[in-house]
Amino acid sequence: MEKPIWEWSLEQTRTVTDRARAGRDLTPPSWPDGARAAVALSFDFDAETGWLRRNQHSPAAMARGGYGARVGIPRILNLFDKYDLPASFFVPAVAAQLHPEAVDAILKCGRHEIGIHGWIHELAQDLTPDQERELLTNSFDFWKDRLGKPPAGIRTPSWDFTPHTLGILRDLGLLYDSSLMEDDRPYELLENGEPTGIVELPVEWLLDDYPYFQIDRASGSSPYIHPNAVLEIWQAEFDLACQEGTLFLLTMHPQVIGHRSRLAMLEDLIQTILNTPDIWFATHESVARYVLEY
């Protein structure tokens, strides 16, 4: 029987805390063309998979996921076309197969990146190590074939990491991950104290549309914050990222941010950023390559 955690030695505790930790800060002395900060806007295009993986199969649940493909993606792409901006999309392989036309539309723009987001938005904690490896490898292979080149990075479904995840990402040869929260700045991931060469582009619930807007009757979760309040939070985070000379990264979802009032809020934020001198908009891949090679 395993000892209770309060009886663990420091060495035992470190075997847990050090599996995937923040290493060196990778914020460069300056960004391309002397920019003060980097802005990386991203979208987790889950479509129906967010409900499928929770065994919610009703037509009502499928309609909520389908909204992201039918309405959210076109609106997002139109907005980013309007300002000629790049974005990163993280897409479960099943969502890509259910909505190939949406993937084609993302790729047709020529500015955007698509990264791994699991096979069917599976929760890694529910899997055996072999199942996790199989699904991530199948996802990698799917996108390698679909894109005609290996995907550069991953955002794990639900930002979930197991003790085995980092080793799998290393074996796949990925450039970056965007799932962890140990800093606001880009950093190198360590595995058991060893530098991995993998860039972490950290996420944060504060900088995600889901906890502010997504209503889930099944779980009893009914948050709703006025878009102007979210805009104020995100603008404050952007302002401080500029002061620190580092990274401002948002995680959004087409089925969440794609509604009219919320997309109008996002456009207001984009206009604020564009009116700020010396800002570099980039995909996650471009940020990761720059900080690693600087």
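Take the residues in region 112-134 that are of a type in the set (D, E, K, R) and in contact with a helix residue (DSSP H, G or I) (Cβ under 7 Å, 6 or more places away or on another chain); name whichever of them is farthest from residue 54 (Cα to Cα).
Among those residues, the one meeting the criterion is 113.
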Note on region 1-20: residues assigned to a loop (DSSP other than H, G, I, E, B), surrounded by 10 or more Cβ atoms within 10 Å (Cβ to Cβ) and either in contact (Cβ under 8 Å) with a residue 12 or more places away in the chain or charged (D, E, K, R) (or both) are 18, 19, 20
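Of the residues 66, 115, 23, which single one is in contact with an Asp or Glu (Cβ under 8 Å, 6 or more places away or on another chain), assigned to a helix (DSSP H, G or I) and of a type outside the set (A, V, I, L, M)? If you could, list the steps in order and put the result at the bottom.
On the way: 115 fails: assigned to a helix (DSSP H, G or I); 23 fails: assigned to a helix (DSSP H, G or I).
After ruling out the rest, the residue left standing is 66.
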Of the residues that sit in region 198-223 and are more than 20 Å from residue 249 (Cβ to Cβ) and touching a strand residue (DSSP E or B) at 6+ places or on another chain (Cβ under 8 Å), which one is modelled with the lowest pLDDT? 222
Taking interchain pairs and intrachain pairs at least six residues apart, which have beta carbon atoms under 7 angstrom, with the first residue in region 243-269 and closer than 21 Å to residue 91 by Cα and assigned to a helix (DSSP H, G or I) and the second charged (D, E, K, R) and at pLDDT below 95? 255/64
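On the basis of being hydrophobic (A, V, I, L, M, F, W, C) and modelled with pLDDT under 95, does residue 123 make the cut?
yes
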Apart from one, (1) surrounded by 18 or more Cβ atoms within 10 Å (Cβ to Cβ); (2) at pLDDT 95 or above; (3) not basic (Lys, Arg) all hold for residue 52; the odd one out is (2)
Based on what the data block shows, is residue 169 assigned to a helix (DSSP H, G or I), under 18 Å from the mean Cα position of the chain (by Cα), surrounded by 23 or more Cβ atoms within 10 Å (Cβ to Cβ) and in contact (Cβ under 8 Å) with a residue 24 or more places away in the chain? yes
Can you tell me which residue within region 270-289, out of those that are of a type outside the set (Gly, Ala, Ser), buried (at least 18 other Cβ atoms within 10 Å of the Cβ) and in a helix (DSSP H, G or I), is farthest from the chain's Cα centre (by Cα)? 273
Answer residue from region 137-166, given it is touching a strand residue (DSSP E or B) at 6+ places or on another chain (Cβ under 7 Å) and without any contact (Cβ under 8 Å) to a residue 40 or more places away in the chain and is surrounded by the fewest Cβ atoms within 10 Å (Cβ to Cβ) among those: 140
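Can you spot a residue in region 94-101 that is of a type in the set (Val, Ile, Thr), out of contact with any strand residue (DSSP E or B) (no Cβ under 8 Å at 6 or more places or on another chain) and surrounded by 14 or more Cβ atoms within 10 Å (Cβ to Cβ)?
Checked against the condition, which is being of a type in the set (Val, Ile, Thr), out of contact with any strand residue (DSSP E or B) (no Cβ under 8 Å at 6 or more places or on another chain) and surrounded by 14 or more Cβ atoms within 10 Å (Cβ to Cβ), region 94-101 yields at least one hit.
The values are calculated or read from the model by the stated rules, or taken from the named source; none is laboratory data. All values reported here derive from a predicted model rather than from experimental measurement. Glycine gets a Cβ as well: all are built from the backbone with ideal geometry, and neighbour counts include every protein chain shown.
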